[in-house]
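The values are calculated or read from the model by the stated rules, or taken from the named source; none is laboratory data. No experiment lies behind these values; they were computed from the predicted model shown. Here Cβ is always computed from backbone atoms with ideal geometry, including for glycine, and neighbour counts include all displayed protein chains. Note: accessible area is taken over every heavy atom of the protein model, side chains too, but ligands, DNA and RNA are not part of it. Shrake-Rupley method; radii C 1.70, N 1.55, O 1.52, S 1.80 Å.
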Amino acid sequence: FSDHLVIFVPGAKMVTAAKATVPTIGDQASAMQLSQCAKNLASALAELRTASQKAQEACGPLEIDNALSTVRGLEKDMQEAKASAEEGKLKPLPGETLEKCSQDLGTSTKAVSSAIAQLLSEATHGNENYTGIAARDVAQALKSLASAARGVAATTADIPARDAMLDCAADVMDKSANLIEETKRAIAKPGDPESQQRLAQVAKAVSQALNRCVNCLPGQRDVDNAIRTVGDASKALLADSFSPSGKSFQEIQAQLNEAAAGLNQSANEVVQSSRGTTQDLARATSKFGQDFSSFLEAGVDMAGTSQSKEDQTQVVSNLKTISMSSSKLLLAAKALSTDPSSPNLKNQLAAAARAVTDSINQLITMCTQQAPGQKECDNALRELESVKGMLENPVEAVSDLSYFDCIDSVMENSKVLGESMAGISHNAKNSNLPEFGDSVSTGSKALCGLTEAAAQAAYLVGVSDPNSSAGQKGLVDPAQFARANQSIQMACQNLVDPACTQSQVLSAATIVAKHTSALCNACRLASSKTSNPVAKRQFVQSAKEVANSTANLVKSIKALDGAFNQENREKCKAATGPLIEAVDNLTAFASNPEFASVPAQISPEGHAAMEPIVAAAKTMLDSSTGLIQTARSLAVNPKDPPKWSVLAGYSRTVSDSIKKLITNMRDKAPGQRECDEAIEVLNSCIREVDQASLAAISQQLTPREDISHEALHEQMAASVHEISNLIEPVAVAARSEASQLGHKVSQMASYFEPLIMAAIGTASKILSSQQQMAVLDQTKTLAESALQMLYTAKEAGGNPKAAHTQEALEESVQMMKEAVDDLGATLAEAASAAGAVGGMVDSINQAINKMEDAPGGFGNRLLWQFICPQVTKSNTNPDDLGGLANQLTNEFGELATEAKYAAITAENDEIGSHIKKQVGELGFSCTSLVTKAGALQCSPNDTFTKKELIESARKVSEKVSHVLASLQAGNRGTQACITAASAVSGIIADLDTTIMFATAGTLNRENAETFADHRENILKTAKALVEDTKLLVSGAGASQEKLAQAAQSSVSTITKLADVVKLGAASLGAEDPETQVVLINAVKDVAKALGDLISATKAAAGKPHDDPTMLQLKNSAKVMVTNVTSLLKTVKAVEDEATKGTRALEATIEHIKQELAVFSSSDPPPKTATPEEFIRMTKGITQATAKAVAAGNSCRQEDIIATANLSRRAIADMLHSCKQAAYHPEVSKEVQIRALRYGNECAAGYLGLLEHVLVIIQKPSHDLKQQLANYSKRVAGSVTELIQAAEAMKGTEWVDPEDPTVIAENELLGAAAAIEAAAKKLEQLRPRTKPKEADESLNFEEQILEAAKSIAAATSALVKAASAAQRELVAQGKVGAIPANAVDDGQWSQGLISAARMVAAATNNLCEAANSAVQGHASEEKLISSAKQVAASTAQLLVACKVKADQDSQTMKRLQAAGNAVKRASDNLVKAAQKAAFDAQDDQAVVVKSKMVGGIAQIIAAQEEMLRKERELDEARKKLAMIRQQQYKFLPTELREDGQEQ
């Protein structure tokens, strides 16, 4: 992976930076060249990435051998370098200095430690592939170490130091080579404890060799000597007693104060020298060691003069604390000298120096006897001295405070300081010395807080300057890891200390738990952030090791707490070893420079901006020091007037400098100046666009000749892209990161000038005035929305507490995103239309890079739908290719995003990397396809390009299938669940069909089989299904492989179960259909439950145990088991005449309960229904209730079974339609709740009725049967409420769905629609020169059949409507109950009904004629005639209604409208047919014979045919007249008059 860091990461950053720079370059030639170079580099990197992946796959197993030979080679190099040095030939390379090489050595040492920790971890787990990568990383890190060691040896003048450095480096190489060899052996025997032990020993030897190598660095030895001095001096504190020195207390006190001042001064010098050379640091640390020895001597003397043993112990304890903080200071100095650029180490060093000061102050406070207030003043002066260093050069973050937190801190501390200063003055004047001391201490703390806040604010101001570059946070904080490591080690030492008490053991355990938990969390975060797969894996692995060893230690601590004996103490001691080792390994790995922070680079402008804040803070500190010194002497002698005036002067200076500090901090708030400048730029841009728009309107926009249209377009697209990328960073900075605001705002503004120039240039080259204005308007909209965003960003200022600005900021961000999207879409359209595909290719490459670099639910939305259109349209319509290519690019972007997450959720890294690889290859194929599409657009007639395009599309198709295969490989279980659910749906549909056959009494037995032949098979298969259910449930938490097996197994078992139950049901014989239905329903319930269980398993797969989907899975499993149990009971009871009805009823009750649970869930139904359908379903409840009451009274098993089957269907239908109707989009929330409530009540009431019937069957009694009426009333009441709820859904448009007129109206309108569709289709199929064949007219036939069905439905509805109207007229007395001419049975003998039948007959004829016409078996004339007959018979029906009905009757109005629709449709059909016939006549080709005789014969034949046709026409007219006369005889008199009037 090191190659990835060396080449791909910097390469990708370079491409991004180059692309971002292109729009800001004024010189067009340079801009184009840079753009082209960036594209070439991106393309080369992509190819190199693919090649390196393939090479890695091929060379993986050879990595360890290769690493070993590299390290042996490095060892040889070190030996040769030493030989050269001895001959005086070792010269530094160009650019090498002692400082630089020392720094490189420190950095590479950390890298080697980290790589070795990784290598050990992988070798322990026996993963050969990852161990190979880790070995390669070790070799790479050692290469850097060897180079740095050679550089140090070549640049140092100290010969012994030079030789030592080269010897140590060679030793490191030797030990590392041994480690790699041992690793190779350990891989061959994974899990072998002996090889693991050897591995650990060799690793320790490498670690010691590395330490020796670092200790050879110049300056390091001095620091080591100082650390040794501190250690040796501190040994004096281990004595049991301290003898008096013979000096007086005053002498010892003065000596201790003097030594304390010296040590404090030395500690500050160590901090300052860290900014200088290694020689400075060496001098400072040597002096610190000497001063520490002097201080400790004075401290031991003080301990000797202590009066009591208790005082002595306290003094020694304080001295130990000072010793420890001094060691920490020197260790921090040593770490900093090896890695001066590390961003955290300087802060750690300053903190360590402050800790020394604090511990000195504690000792002085305890030991010295001075006038009250004096000690506090001395302590305060020491504290102020230690914080002064913060203001020297604040180029690093001092704390985590944001800029506005700094301002708040300054305000708070200034208030405290003001009160303290007043207290100092007042208490000194009145000689209240204890209170004086308190005021001094409080003031000192406030001053330290002020200094820290000022230093942090100054740093943030410097960093926020656009020319500065802010530091980047590392992946981990090595300091946090080091601190945690130290605390854990100390806690473990306390645990194994024999003198440790029980409470100390628990305290140590708490410390261990706290720090290991923090480490594990840090690892988890780092693992999620890094894109390095090896590091990701290592962080997770290390966290596991730390967690496991902590758990073991905690277990042994609990045992020790329970029984505080030696044995448990030993166990505890043994458990600390693995934890310390795991934490050490993790700390070593985390110290890798790859994970370190990048320090900030502050520009000269940034330093200038910081200066006023730093100057004010320095003045404040200097004046405060003077103030405390003056106050110290005044506390002893308050009667000294000149001193009081000096104190007042200092006090005034402190107040003024704090005011100045606050003013400067407010004025210098980061980002404000940059926001103002950016707003000015945008206002100027908007003015330019306005002027260009005016010029465009008046046709005076001069075209730019110096640049091509395509170049302008690319510049615009690049600018829009960069602006788009900056929207979110600007918003984030405005919300909470003030230091970033200036950078981001300046960056965004820098892209608007090139955007505006390019937009005006583009508009000037567009001929269409409308398009010109569109480009300019959209550009202006973008600029205006950006301006609005900048105003809100400026107001928000990066202050997270400015809540009032957040909403406005969100709105402006949204507006700007929309403006960018609009302009981007316009540009993409224009580019695709012009065949410019550069932007698309860039987008695809960008998507691939994001996928590769980002840490990567599951997506497999693919590109199939775009591949075929690409190919087909390339041959037919090249103009569409641009849009398709654009679509393809967008789709690939989505796919790459999905693939990123798919890779991380894959079961193992191998599948994840395979998915990424396949999607990457698909991306390159898409790039090729898009490029070819652009080329074809530019030259649409180039056949070679067409072929290339088709070949590219084929490759994309192939790669898509590879991606799909890799996704399915990582998703086998989920995929199997989807397939299984689909198969179960098919089984349920099949069982529904079988139930229909059984209900119809046609499910016959084969041969002479009986149910007993199948019973055992059913029971055995059902039990097998229960086992599969268990596997499915456990499969949700197992691997994808196991889940896939469980899903497939359950489907094959349910298929088998359904088949054996169907055979069993058939064996019962068709004479007992109800029992057959009961049995099939039982297995259908099982299949439905299995379908739900499979869906629940799919949803729960891979989720944690506390996820809601897991609860859903458990519930589904319970339902599944219940239904299988119910099936088993049903199978056993099927042949038992006495209980089979009871069993069927129990099964139905269980089924209704499950349906009710689904109904009561908040999940919306898959489709919606109309209130009419809902009401129709409630009718079944009424029938089922009557049947249930009858069965309860009769107690016959046959009745019970029939009731059970009917109830199941009726309740399920009602619940489904109720929920579907309630969720209709037009239904209000109130009505929805009402309908669902009554649906629930109705089902619950019916359930109560069935349960009561069940009780009656088991223990029949007259009283129980009497109660049936109450249950049925309750159900009836619920049904009434349900119907009212349904009427409320429909609102004012309510009609009774059972009203025949409504049915007639709906059916007539349906028929009208079908006829119109047929007419349109007929028109499309003309002209026809030969009879159509069946396959060609298939679609039309289907339409005709549809029309026929509608017409048949219309017929029955019309008959009902006519009957209803007839009944209405009879009731009103307008028509006699028995027709007058009943015997003749003429057309009107049944009034309206006969008229309705006429309509039906005519429409049937119409359908037949139309179908025949299509098949070529009948003429258009027949079709026209049939259509006219429909219109005529509909008119007659309406006349029949009109005669008797009231003028204002709603029934009449609706029938009239529906009739008109049919008439209109028929007319359209006639017109279409006539047009077809007319066209056909035009198309008839007449062949005229050229010979004389033949020509005359042709004329005679034509005339003969004409005369014959005329005669036939006359005969047909006479025949029609006779038919009408005959029918007219039977017309009622009223109708004749009506007809005459008409």
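Condition check for Gln538 on (1) part of a helix (DSSP H, G or I); (2) more than 25 Å from the chain's Cα centre (by Cα): one failure, at (2). Residues in the range 162-185 that are over 52 Å from the mean Cα position of the chain (by Cα) and open to solvent by 10 Å² or more (accessible area, probe 1.4 Å): Arg162, Asp163, Ala164, Asp167.
Please work out if Ile159 is more than 23 Å from Gly73 (Cβ to Cβ), aliphatic (A, V, I, L, M) and either open to solvent by 10 Å² or more (accessible area, probe 1.4 Å) or modelled with pLDDT under 85 (or both). For Ile159, the condition - more than 23 Å from Gly73 (Cβ to Cβ), aliphatic (A, V, I, L, M) and either open to solvent by 10 Å² or more (accessible area, probe 1.4 Å) or modelled with pLDDT under 85 (or both) - is met.
Condition (residue is within 47 Å of the chain's Cα centre (by Cα), among the polar types (S, T, N, Q) and either under 30 Å from Ser542 (Cα atoms) or surrounded by 18 or more Cβ atoms within 10 Å (Cβ to Cβ) (or both)) applied to the range 438-445: is it met by at least one residue? Write out each step before concluding.
Of the residues in the range 438-445, the ones within 47 Å of the chain's Cα centre (by Cα) are 445.
Next, only the ones that are among the polar types (S, T, N, Q) stay: none.
Checking the range 438-445: not a single residue is within 47 Å of the chain's Cα centre (by Cα), among the polar types (S, T, N, Q) and either under 30 Å from Ser542 (Cα atoms) or surrounded by 18 or more Cβ atoms within 10 Å (Cβ to Cβ) (or both).
For the range 1106-1120, filtering for residues that are part of a helix (DSSP H, G or I) and either closer than 19 Å to Leu1079 by Cβ or not hydrophobic (A, V, I, L, M, F, W, C) (or both) leaves 8.
Scanning the range 67-87 turns up at least one residue that is modelled with pLDDT of 85 or more and outside any helix (DSSP H, G or I).
Within the range 112-140, the set of residues being open to solvent by 20 Å² or more (accessible area, probe 1.4 Å), part of a helix (DSSP H, G or I) and either farther than 20 Å from Lys204 by Cα or at pLDDT 85 or above (or both) comprises Ser113, Glu128, Asn129, Tyr130, Arg136, Asp137, Gln140. Tell me, yes or no, whether the range 1040-1054 has at least one residue that is open to solvent by 30 Å² or more (accessible area, probe 1.4 Å), out of contact with any helix residue (DSSP H, G or I) (no Cβ under 9 Å at 6 or more places or on another chain) and at pLDDT below 85. No, the conditions are met nowhere in the range 1040-1054. Within the range 377-418, the residues that satisfy the criterion of being more than 20 Å from Ala267 (Cα to Cα), acidic (Asp, Glu) and in a helix (DSSP H, G or I) are Asp405, Asp408, Glu412.
Inclusion of Glu807 among residues that are under 30 Å from Leu401 (Cβ atoms) and either among the β-branched types (Val, Ile, Thr) or modelled with pLDDT under 90 (or both) is warranted.
Annotation: Leu682 fulfils all but one of (1) surrounded by fewer than 21 Cβ atoms within 10 Å (Cβ to Cβ); (2) at pLDDT 90 or above; the unmet one is (1). Take the residues in the range 64-93 that are surrounded by fewer than 18 Cβ atoms within 10 Å (Cβ to Cβ) and either within 50 Å of the chain's Cα centre (by Cα) or of a type in the set (Gly, Ala, Ser) (or both), then tell me which one is nearest to Asp167 (Cα to Cα). For the range 64-93, the residue satisfying everything is Ala83.
Residues in the range 975-1002 that are within 35 Å of the chain's Cα centre (by Cα) and surrounded by fewer than 22 Cβ atoms within 10 Å (Cβ to Cβ): Gln975, Ile978, Thr979, Ala981, Ser982, Ala983, Ser985, Gly986.
From Ser913, Ser925, grab the single residue that is over 19 Å from Val534 (Cβ atoms) and not aliphatic (A, V, I, L, M). Even if it seems obvious, please write down each step before you answer.
On the way: Ser913 fails: over 19 Å from Val534 (Cβ atoms).
After applying the criteria, what remains is Ser925.
Hey, among Val689, Val730, which residue is modelled with pLDDT of 90 or more and under 29 Å from the mean Cα position of the chain (by Cα)? Working first, answer last.
Details: Val689 fails: under 29 Å from the mean Cα position of the chain (by Cα).
Going through Val689, Val730 in turn, the sole match is Val730.
Taking first residues from the range 804-824 that are more than 23 Å from Ser736 (Cβ to Cβ) and partners that are β-branched (Val, Ile, Thr) and open to solvent by 50 Å² or more (accessible area, probe 1.4 Å), the Cβ contacts under 6 Å between residues at least 6 apart in sequence or on separate chains come to Ala819/Thr781. When Ser708, Ser633, Ser645, Ser655 are screened for being touching a Lys or Arg at 6+ places or on another chain (Cβ under 8 Å), among the small types (Gly, Ala, Ser) and surrounded by fewer than 21 Cβ atoms within 10 Å (Cβ to Cβ), only Ser633 passes.
Just give me the residues in the range 937-958 being assigned to a helix (DSSP H, G or I) and either buried (at least 22 other Cβ atoms within 10 Å of the Cβ) or of a type in the set (Gly, Ala, Ser) (or both), in sequence order. Talk me through it step by step, then tell me what you get.
Step one: of the range 937-958, the residues assigned to a helix (DSSP H, G or I) are 937-938, 943-958.
Those that are assigned to a helix (DSSP H, G or I) and either buried (at least 22 other Cβ atoms within 10 Å of the Cβ) or of a type in the set (Gly, Ala, Ser) (or both): Gln937, Leu949, Ser952, Ala953, Val956, Ser957.
For the range 951-973, indicate whether the set of residues that are in contact with a Pro (Cβ under 6 Å, 6 or more places away or on another chain), among the polar types (S, T, N, Q) and modelled with pLDDT under 80 is non-empty. If you could, list the steps in order and put the result at the bottom.
Going residue by residue through the range 951-973, those that are in contact with a Pro (Cβ under 6 Å, 6 or more places away or on another chain) are none.
No, the range 951-973 contains no residue that is in contact with a Pro (Cβ under 6 Å, 6 or more places away or on another chain), among the polar types (S, T, N, Q) and modelled with pLDDT under 80.
Find the helices (runs of 4 or more DSSP H) located wholly in the range 1182-1301 whose residues include 3 or more that are open to solvent by less than 80 Å² (accessible area, probe 1.4 Å) and within 19 Å of Leu1156 (Cα to Cα), and list them.
Details: elements: 1197-1222, 1229-1258, 1262-1266, 1268-1290.
Counting at least 3 such residues, we get 1197-1222, 1229-1258, 1268-1290.
Report yes if some residue within the range 596-610 is closer than 24 Å to Ser108 by Cβ, open to solvent by 50 Å² or more (accessible area, probe 1.4 Å) and modelled with pLDDT under 90; otherwise report no. Yes: one or more hits.
Is it fair to say Ala1147 is of a type in the set (A, V, I, L, M) and under 40 Å from the mean Cα position of the chain (by Cα)? No, not satisfied. Of the numbered criteria (1) open to solvent by less than 10 Å² (accessible area, probe 1.4 Å); (2) over 18 Å from Val1078 (Cβ atoms); (3) modelled with pLDDT under 85, the one Thr1168 fails is (1). Of the residues screened, Glu891 is not one that is out of contact with any His (no Cβ under 6 Å at 6 or more places or on another chain), modelled with pLDDT of 65 or more and over 16 Å from Ser925 (Cα atoms).
With respect to Gln250, is the statement that it is more than 19 Å from Leu217 (Cβ to Cβ), at pLDDT 85 or above and surrounded by fewer than 18 Cβ atoms within 10 Å (Cβ to Cβ) true?
Values: more than 19 Å from Leu217 (Cβ to Cβ): yes; at pLDDT 85 or above: no; surrounded by fewer than 18 Cβ atoms within 10 Å (Cβ to Cβ): yes.
Against the criterion (more than 19 Å from Leu217 (Cβ to Cβ), at pLDDT 85 or above and surrounded by fewer than 18 Cβ atoms within 10 Å (Cβ to Cβ)), Gln250 does not qualify.
Summed over the range 440-488, residues that are in a helix (DSSP H, G or I) and among the charged types (D, E, K, R) total 3. The set of residues from the range 750-760 being over 15 Å from Val22 (Cβ atoms) and open to solvent by 10 Å² or more (accessible area, probe 1.4 Å) comprises just one member, Ile760.
The rows are residues; the columns are (1) more than 30 Å from Asp378 (Cβ to Cβ); (2) hydrophobic (A, V, I, L, M, F, W, C).
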site: Pro533; (1), (2): yes, no
site: Leu560; (1), (2): yes, yes
site: Glu581; (1), (2): yes, no
site: Glu611; (1), (2): yes, no
site: Pro638; (1), (2): no, no
